[in-house]
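Asker: Let me give you the structure first, and then I'll get to my questions.
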Amino acid sequence: MQGDILHLEIQPKKRNLMTTTQNAPLERLLNKLRASKVKKYTLNKTVLDFGCGKNAWTTKHLFPTCKTIVGFEPSLIGFKKEGPINIYNSLDQIKEKRIKFEAIIALAVFEHIKPLIFRNILKELGPITTDDAVIAGTVPRPEAKPILEFLSLKMKLIDASQIRDHKVYYDELWLKEMLEGTGWRLDSYKKFQLGLNSTFVFKKS
C-alpha cells in the first residue's frame with residue numbers, strides 16, 4: 001500500500017495481492033508531503049502504519065517521534081524487520097501482539113481497496129485500537145484521476161502501476177457513506193494540492 005499496494009481481494013481464508021511499485025521520480029517527494037499531513041496525530045503515540053509499503057518510508061520517518069510504530073504491508077511474503085521497526089503482512093499477526101494503537105495512518109491506501117473490503121477492514125481495526133484512537137490518512141479526489149493518469153502514463157513521473165490499481169477516488173460525501181456501520185465516523189476532511197488530494201481523520205463513533 002501506499003505505493004507498494006496490494007490489490008486486496010478477500011476470498012474465504014485467502015487474499016490475492018497485486019503489488020505496485022514506487023520507482024518513479026516523484027514518489028519519494030509525494031510520500032514526504034503526505035507524511036507531513038498526519039505527523040501531528042502520531043507524536044508520542046502507539047502507531048500502526050497501515051499499508052506502509054515495502055520501503056516503509058513513512059514508518060521510518062515517523063519512528064523517532066512515536067512512542068511505538070509498526071508497519072502493516074500485506075504484499076510482503078512474511079514478517080520483515082527494518083532496523084528497529086517490525087512490519088507484518090497480516091492483521092492476525094498484529095492482533096496476536098495485543099497492541100492497542102492510539103493512531104493508525106493510511107497514506108494513499110484506501111483508493112486501492114474495493115469499497116466492501118474497505119468497510120470490512122475498518123471493522124477489523126476497531127478491536128486493535130484505543131477508544132480515543134484516530135485513523136488519519138490521505139486519498140486522492142475524483143478530480144485527480146485524469147491528472148494522475150497523465151503524470152503517470154504520459155509523463156512517467158508517478159508509477160503507472162499505482163494509478164492503474166486505483167479502485168476509488170473518494171470525495172467527502174462518499175467517505176462518510178463508506179463509514180456507515182463500521183464503528184468509525186469522519187471527524188475531519190480537508191483538501192490540499194489544489195483540491196486534487198485530501199486528508200481525513202476518522203474517530204470512533
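Asker: Under 15 Å Cα to Cα from Lys60, which aspartates and glutamates show up? Leave out anything in the same chain fewer than 8 places away.
Answerer: Output for Lys60: Asp49, Glu73, Glu82.
Asker: Counting pairs of alpha carbon atoms under 8 Å apart in space and at least six apart in sequence, what relative contact order in percent does the range 74-205 give?
Answerer: 26 percent
Asker: In addition: Over the chain, with the other protein chains present, what is the accessible area per residue in square angstrom, probe 1.4 angstrom?
Answerer: Per residue, the chain has an accessible area of 48 Å².
Asker: Of the heavy-atom accessible surface of the chain (probe 1.4 angstrom), what whole percent is carbon and sulfur?
Answerer: C and S fraction of accessible area: 54 percent.
Asker: Give me the one-decimal nm value for the distance between modelled label points at Glu180 and Lys114, 7 Å along each residue's Cα-to-Cβ direction.
Answerer: 2.0 nm
Asker: If the limit is 30 Å between Cα atoms, which of Lys40/Lys145; Lys54/Lys156; Lys95/Lys156; Lys97/Lys123; Lys45/Lys156 go over it?
Answerer: From the list (Lys40/Lys145; Lys54/Lys156; Lys95/Lys156; Lys97/Lys123; Lys45/Lys156), the Cα-Cα distance tops 30 Å for Lys95/Lys156; Lys45/Lys156.
Asker: Put +1 on the Cβ of each Lys and Arg and -1 on the Cβ of each Asp and Glu in the chain; which of Ile113, Met178, Leu29 then has its Cα farthest toward the positive end of the dipole?
Answerer: Leu29
Asker: I would also like to ask the following. Match the structure shown to one of the listed values (i) 1.16; (ii) 1.02; (iii) 0.94 of Cα Rg over 2.2 N^0.38 Å, computed from it, and give that label.
Answerer: (iii)
Asker: With charges set only on the Cβ (+1 for Lys and Arg, -1 for Asp and Glu), what does the dipole of the range 50-205 come to about its Cα centre, in debye to the nearest 20?
Answerer: Once rounded to the nearest 20, the dipole reads 220 debye.
The values are calculated or read from the model by the stated rules, or taken from the named source; none is laboratory data. Keep in mind the model is a prediction, meaning the values are calculated, not measured. With ideal geometry, Cβ positions are generated from the backbone for all residues, glycine too; neighbour counts draw on all protein chains shown. Heads up: the accessible areas ignore ligands, DNA and RNA and are worked out on the full protein's heavy atoms, side chains in. Shrake-Rupley method; radii C 1.70, N 1.55, O 1.52, S 1.80 Å.
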